[in-house]
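The values are calculated or read from the model by the stated rules, or taken from the named source; none is laboratory data. These figures come from a predicted structure and were not determined experimentally. Methodologically, a virtual Cβ is constructed for each residue, glycine included, from the backbone with ideal geometry; neighbour enumeration extends over all protein chains shown. Note: areas computed on protein heavy atoms with side chains; ligands, DNA, RNA excluded. Shrake-Rupley method; radii C 1.70, N 1.55, O 1.52, S 1.80 Å.
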Amino acid sequence: MDTAERVRILAEHVASLIPSGQIIGLGTGSTADAVLNALGRRKQSDPTFTMTGVATSIATADLARSHGFAIRDLGEVDHIDLGYDGADEIDPNLNLVKGRGGALLYEKLVAELCTDYWIVSTDEKLVAHLGTRLPLPIEVIPYGWQHTRDKVAALGLVPTLRMTANGPYRTDAGNHILDCTPEPNVDLLKIAPAIKLITGVVEHGIFQNLTHRAILVDNEGSTRTICRN
(Lines give C-alpha, C1' and ligand atoms only; values in the text may rest on other atoms or scores of the structure.)
Protein backbone atom coordinates (compact mmCIF):
# COMPACT_ATOMS: atom_id res chain seq x y z
CA MET A 1 0.00 0.00 0.00
CA ASP A 2 1.43 3.39 -0.94
CA THR A 3 2.11 6.10 1.63
CA ALA A 4 -0.69 8.40 0.48
CA GLU A 5 -3.31 5.70 1.02
CA ARG A 6 -1.86 4.78 4.42
CA VAL A 7 -1.99 8.43 5.51
CA ARG A 8 -5.58 8.74 4.27
CA ILE A 9 -6.63 5.72 6.34
CA LEU A 10 -4.78 7.08 9.38
CA ALA A 11 -6.31 10.53 8.98
CA GLU A 12 -9.86 9.21 8.74
CA HIS A 13 -9.29 7.09 11.85
CA VAL A 14 -7.86 9.98 13.87
CA ALA A 15 -10.58 12.39 12.74
CA SER A 16 -13.23 9.95 13.93
CA LEU A 17 -11.71 9.95 17.43
CA ILE A 18 -11.64 13.72 18.01
CA PRO A 19 -14.46 14.83 20.33
CA SER A 20 -16.89 17.50 19.19
CA GLY A 21 -17.10 20.90 20.83
CA GLN A 22 -13.48 21.15 21.99
CA ILE A 23 -10.50 23.43 21.44
CA ILE A 24 -8.14 21.48 19.21
CA GLY A 25 -4.46 22.15 18.54
CA LEU A 26 -3.93 21.75 14.80
CA GLY A 27 -0.54 20.44 13.68
CA THR A 28 1.44 21.39 10.59
CA GLY A 29 2.72 19.15 7.80
CA SER A 30 1.37 16.64 5.32
CA THR A 31 0.02 14.12 7.85
CA ALA A 32 -1.54 16.81 10.04
CA ASP A 33 -3.08 18.37 6.92
CA ALA A 34 -4.60 14.99 6.03
CA VAL A 35 -6.23 14.83 9.47
CA LEU A 36 -7.58 18.38 9.10
CA ASN A 37 -9.00 17.55 5.68
CA ALA A 38 -10.64 14.45 7.17
CA LEU A 39 -12.12 16.62 9.92
CA GLY A 40 -13.49 18.89 7.19
CA ARG A 41 -15.17 15.91 5.57
CA ARG A 42 -16.55 14.85 8.95
CA LYS A 43 -18.01 18.34 9.41
CA GLN A 44 -19.68 18.14 5.99
CA SER A 45 -21.30 14.78 6.72
CA ASP A 46 -22.17 15.60 10.35
CA PRO A 47 -23.23 19.25 10.87
CA THR A 48 -23.35 18.66 14.65
CA PHE A 49 -19.56 18.27 14.73
CA THR A 50 -17.83 21.45 15.88
CA MET A 51 -14.37 22.43 17.02
CA THR A 52 -12.31 25.55 17.55
CA GLY A 53 -8.78 25.30 16.22
CA VAL A 54 -5.50 26.73 17.47
CA ALA A 55 -3.16 26.51 14.49
CA THR A 56 0.59 25.92 14.52
CA SER A 57 1.22 27.75 11.24
CA ILE A 58 -0.32 30.28 8.89
CA ALA A 59 -0.86 27.52 6.30
CA THR A 60 -2.72 25.35 8.81
CA ALA A 61 -4.93 28.26 9.90
CA ASP A 62 -5.80 28.96 6.27
CA LEU A 63 -6.66 25.30 5.64
CA ALA A 64 -8.85 25.13 8.75
CA ARG A 65 -10.77 28.25 7.73
CA SER A 66 -11.29 26.80 4.24
CA HIS A 67 -13.23 23.98 5.94
CA GLY A 68 -15.31 26.45 7.94
CA PHE A 69 -13.59 25.93 11.30
CA ALA A 70 -13.12 28.84 13.70
CA ILE A 71 -9.53 29.67 14.60
CA ARG A 72 -8.33 31.34 17.77
CA ASP A 73 -4.88 32.71 18.51
CA LEU A 74 -2.82 30.86 21.12
CA GLY A 75 -2.87 33.93 23.35
CA GLU A 76 -6.68 33.93 23.36
CA VAL A 77 -7.04 30.54 25.06
CA ASP A 78 -6.06 29.36 28.53
CA HIS A 79 -5.94 25.69 27.55
CA ILE A 80 -6.20 23.35 24.59
CA ASP A 81 -8.27 20.22 25.11
CA LEU A 82 -6.51 18.07 22.52
CA GLY A 83 -3.73 18.57 20.02
CA TYR A 84 -2.55 16.39 17.16
CA ASP A 85 0.51 16.59 14.94
CA GLY A 86 2.95 14.53 12.92
CA ALA A 87 6.55 13.71 13.81
CA ASP A 88 9.87 12.99 12.13
CA GLU A 89 11.06 10.52 14.79
CA ILE A 90 9.32 8.78 17.70
CA ASP A 91 11.32 6.94 20.36
CA PRO A 92 10.01 4.15 22.63
CA ASN A 93 9.03 6.68 25.32
CA LEU A 94 7.16 8.82 22.76
CA ASN A 95 9.80 11.52 22.78
CA LEU A 96 10.00 13.16 19.36
CA VAL A 97 12.06 14.99 16.82
CA LYS A 98 9.92 17.48 14.89
CA GLY A 99 10.44 20.43 12.62
CA ARG A 100 10.91 19.28 9.03
CA GLY A 101 7.82 21.33 8.23
CA GLY A 102 9.43 24.43 9.72
CA ALA A 103 6.81 25.03 12.43
CA LEU A 104 8.59 23.58 15.46
CA LEU A 105 8.40 26.73 17.61
CA TYR A 106 4.65 27.19 17.24
CA GLU A 107 4.11 23.43 17.42
CA LYS A 108 5.89 23.22 20.78
CA LEU A 109 4.04 26.24 22.18
CA VAL A 110 0.75 24.57 21.29
CA ALA A 111 1.83 21.12 22.50
CA GLU A 112 2.76 22.47 25.94
CA LEU A 113 -0.75 23.88 26.39
CA CYS A 114 -2.54 20.66 25.40
CA THR A 115 -4.30 18.58 28.05
CA ASP A 116 -4.00 15.63 25.64
CA TYR A 117 -1.43 15.52 22.83
CA TRP A 118 -1.47 12.95 20.02
CA ILE A 119 1.15 12.16 17.42
CA VAL A 120 -0.17 10.69 14.18
CA SER A 121 2.33 9.00 11.88
CA THR A 122 3.31 6.16 9.62
CA ASP A 123 5.14 3.55 11.66
CA GLU A 124 8.52 3.93 9.95
CA LYS A 125 9.00 7.05 12.09
CA LEU A 126 9.57 4.76 15.12
CA VAL A 127 13.24 4.73 16.14
CA ALA A 128 15.27 3.13 18.92
CA HIS A 129 16.69 6.54 19.83
CA LEU A 130 16.34 10.06 18.48
CA GLY A 131 18.68 11.38 15.82
CA THR A 132 18.84 8.33 13.55
CA ARG A 133 16.45 9.10 10.66
CA LEU A 134 16.75 12.83 9.96
CA PRO A 135 18.69 15.86 11.18
CA LEU A 136 17.45 17.75 14.22
CA PRO A 137 15.91 21.14 13.27
CA ILE A 138 16.94 24.07 15.46
CA GLU A 139 15.28 27.47 14.98
CA VAL A 140 17.67 30.42 15.31
CA ILE A 141 17.42 34.15 14.87
CA PRO A 142 18.94 35.43 11.61
CA TYR A 143 21.17 38.02 13.31
CA GLY A 144 24.63 36.46 13.63
CA TRP A 145 23.31 33.01 12.89
CA GLN A 146 26.80 31.87 11.89
CA HIS A 147 28.00 32.27 15.49
CA THR A 148 24.95 30.44 16.78
CA ARG A 149 25.73 27.65 14.30
CA ASP A 150 29.28 27.35 15.65
CA LYS A 151 28.03 27.07 19.25
CA VAL A 152 25.54 24.40 18.21
CA ALA A 153 28.33 22.50 16.45
CA ALA A 154 30.38 22.49 19.66
CA LEU A 155 27.71 20.25 21.23
CA GLY A 156 28.41 17.45 18.77
CA LEU A 157 26.02 18.42 15.99
CA VAL A 158 26.76 19.13 12.33
CA PRO A 159 24.49 22.06 11.39
CA THR A 160 23.42 23.08 7.89
CA LEU A 161 21.39 26.20 7.19
CA ARG A 162 18.08 25.25 5.57
CA MET A 163 17.79 26.92 2.17
CA THR A 164 15.12 27.60 -0.43
CA ALA A 165 15.45 28.68 -4.05
CA ASN A 166 15.22 32.28 -2.83
CA GLY A 167 17.70 32.09 0.02
CA PRO A 168 17.61 30.94 3.65
CA TYR A 169 14.35 29.36 4.79
CA ARG A 170 12.22 31.61 7.01
CA THR A 171 9.76 30.32 9.60
CA ASP A 172 6.42 32.02 10.25
CA ALA A 173 8.23 33.86 13.05
CA GLY A 174 10.88 35.09 10.60
CA ASN A 175 13.70 32.89 11.85
CA HIS A 176 16.19 30.53 10.19
CA ILE A 177 16.46 26.77 10.74
CA LEU A 178 19.65 24.79 11.20
CA ASP A 179 19.26 21.11 10.29
CA CYS A 180 21.70 19.34 12.59
CA THR A 181 23.06 15.83 12.14
CA PRO A 182 24.27 14.33 15.44
CA GLU A 183 27.79 13.00 15.57
CA PRO A 184 28.13 9.34 16.67
CA ASN A 185 27.15 8.66 20.29
CA VAL A 186 25.50 12.07 20.78
CA ASP A 187 22.36 11.72 22.92
CA LEU A 188 19.88 14.39 21.82
CA LEU A 189 17.83 14.15 25.02
CA LYS A 190 20.93 14.82 27.10
CA ILE A 191 22.10 17.84 25.12
CA ALA A 192 18.62 19.37 24.67
CA PRO A 193 18.97 21.73 27.69
CA ALA A 194 22.38 22.92 26.47
CA ILE A 195 20.98 23.68 23.00
CA LYS A 196 18.25 25.81 24.54
CA LEU A 197 20.80 27.80 26.57
CA ILE A 198 22.66 29.02 23.46
CA THR A 199 22.02 32.70 22.80
CA GLY A 200 20.49 32.96 19.34
CA VAL A 201 18.64 29.65 19.58
CA VAL A 202 14.88 30.19 19.67
CA GLU A 203 13.80 26.53 19.99
CA HIS A 204 14.85 23.01 19.05
CA GLY A 205 12.82 20.15 17.62
CA ILE A 206 13.22 17.75 20.56
CA PHE A 207 9.78 17.20 22.11
CA GLN A 208 10.33 15.40 25.42
CA ASN A 209 7.56 14.15 27.72
CA LEU A 210 4.82 15.93 25.77
CA THR A 211 3.13 13.11 23.84
CA HIS A 212 0.33 11.16 25.49
CA ARG A 213 -0.30 8.74 22.63
CA ALA A 214 0.99 7.90 19.16
CA ILE A 215 -1.51 6.69 16.58
CA LEU A 216 0.33 4.80 13.85
CA VAL A 217 -0.43 3.12 10.55
CA ASP A 218 1.62 0.24 9.14
CA ASN A 219 2.41 -0.82 5.57
CA GLU A 220 -0.87 -2.76 5.32
CA GLY A 221 -3.02 0.17 6.44
CA SER A 222 -3.69 -1.18 9.94
CA THR A 223 -3.73 1.39 12.76
CA ARG A 224 -2.57 0.99 16.33
CA THR A 225 -2.12 3.24 19.34
CA ILE A 226 0.82 3.44 21.72
CA CYS A 227 0.20 5.25 25.02
CA ARG A 228 2.94 6.74 27.16
CA ASN A 229 3.37 5.00 30.48
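Under a 10 Å cutoff between Cα atoms, tell me which one of ILE195, ILE24, ILE119 has the largest fluctuation in the Gaussian network model of the chain.
So, out of ILE195, ILE24, ILE119, the one fluctuating most is ILE195.
Could you calculate, for the range 185-229, the ratio of the Cα radius of gyration to the Kirkwood radius, expressed as Rg to Rh?
That ratio equals 1.16.
Sort largest first and round to whole Å: the equivalent ellipsoid semi-axes of the chain, each the square root of five times a Cα gyration tensor eigenvalue.
For the chain, the ellipsoid semi-axes come out as 30, 20, 16 Å.
On the accessible surface of the chain, probed at 1.4 Å, how many percent belong to carbon and sulfur atoms?
50 percent
Set Lys and Arg Cβ to +1 and Asp and Glu Cβ to -1, take the dipole of the chain about its Cα centre, and tell me which of ALA173, GLY131, ALA32 lies farthest positive.
The residue sitting farthest along the positive end of the dipole is ALA173.
Does the range 24-76 come out rounded, prolate or oblate, given a ≥ b ≥ c as the square roots of the eigenvalues of its C-alpha gyration tensor, rounded meaning a/c under 1.5 and, failing that, prolate meaning a/b above b/c?
Cα axes put the range 24-76 in the oblate bin.
Using a 10 angstrom cutoff on alpha carbons, build the Gaussian network for the chain and name the most mobile of TYR106, TYR169, TYR143.
With Cα springs under 10 Å in the chain, the top fluctuation among TYR106, TYR169, TYR143 is at TYR143.
So what is the calculated 222 nm ellipticity per residue for the chain, using -39500 (n - 2.57) for each DSSP H run with n of 4 or more, over all residues, to the nearest 500 deg cm²/dmol?
Taking each H run of at least 4 residues, the total per residue is -9000 deg cm²/dmol.
What does the highest-first list of 77-88, 177-188 look like by mean Cβ count within 10 Å?
In descending order of packing, they fall as 77-88, 177-188.
Tell me whether the range 1-127 comes out rounded, prolate or oblate; compute the Cα gyration tensor, take square roots of the eigenvalues as a ≥ b ≥ c, and use a/c under 1.5 as the rounded threshold.
Here the range 1-127 falls in the oblate category.
Please check which bits of the range 69-111 a label hung off THR50 would reach, taking the label as a point 7 Å along Cα-to-C-beta and the cut-off as backbone N under 15 Å.
Label zone hits: 69-72.
So, for the range 133-189, what is the accessible surface per residue at a probe of 1.4 Å, expressed in square angstrom?
52 Å²
Pull out a ≥ b ≥ c, the square roots of the eigenvalues of the alpha-carbon gyration tensor of the range 76-202, then state rounded if a/c is under 1.5, prolate if not and a/b is larger than b/c, and oblate in the remaining case.
It comes out oblate by the Cα gyration axes.
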